[in-house]
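To start, the structure itself, in structure tokens.
What follows is calculated from the coordinates using simple rules that are stated; it is not laboratory data. Note that the coordinates shown come from a computational prediction; the quantities given were computed from them, not determined experimentally. When we count neighbours, we look across all protein chains shown, and the Cβ atoms used for this are built from the backbone with ideal geometry, even at glycine.
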Amino acid sequence: MKIGLISDTHGHVPNTVHTALAGVNYILHAGDVGPMDVITELEAIAPVYAVLGNTDHGIALPETRLEEFDGRKILIHHIVDVDYPSQTVRELLSTEKPEIVVFGHTHMPFDERRSKIRFINPGSASQPRGGTAPSVAILELSGEPPTLQSIALHNS
């Protein structure tokens, strides 16, 4: 199963996202969506599971999601400090024991394992920071361990 990861669109889905995420089974959006039109556009590619980001106001999305795909628990939350998680995230890590945490906010790609939990940030699809390119990622769950392909988006 292939899951597209995207974050920090801030109201803009570059055309290259459609090509980069073509063929995924689901899309996880880790917040700072912008208007709900972004979700509608992404749903043309695959079903979307999205959370609120710190700049999302007036849209109906949860702050946190815990989803299961192919028997693997994935926590989706916008702001995650992997070294010092918030109380909400700490509690979910402790009680739900997700294998993977997908987050956004930093606008920079990140992929590290901490205490048996893999933390993944796909970067920003529209407003990258730190000299990184706009990016999304594809998480392939069929392997052991799951593999991650980070995809740099070129001008659209």
- Task: Count charges around residue 146 for me, please; just the other residues with Cβ under 15 Å from its Cβ, Lys/Arg as +1, Asp/Glu as -1.
- Result: -2
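Counting other beta carbons within 10 Å of each Cβ, put 72, 114 in order, fewest first.
Ordered by Cβ neighbours within 10 Å, fewest first: 114, 72.
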- Task: Could you list 111, 83, 56 in order of exposure, starting from the residue whose Cβ has the fewest other Cβ atoms within 10 Å?
- Result: 83, 111, 56
- Query: Taking Cα centroids, how far is region 53-67 from region 15-48 in Å?
  - Reply: 15
- Message: Test of understanding: what is the full-extension gain from residue 68 to residue 82, defined as 0.36 nm times their sequence separation minus their Cα-Cα distance?
- Response: 2.9 nm
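Mind pulling up the Rg/Rh value for the chain? Radius of gyration and Kirkwood radius, both on Cα.
0.93
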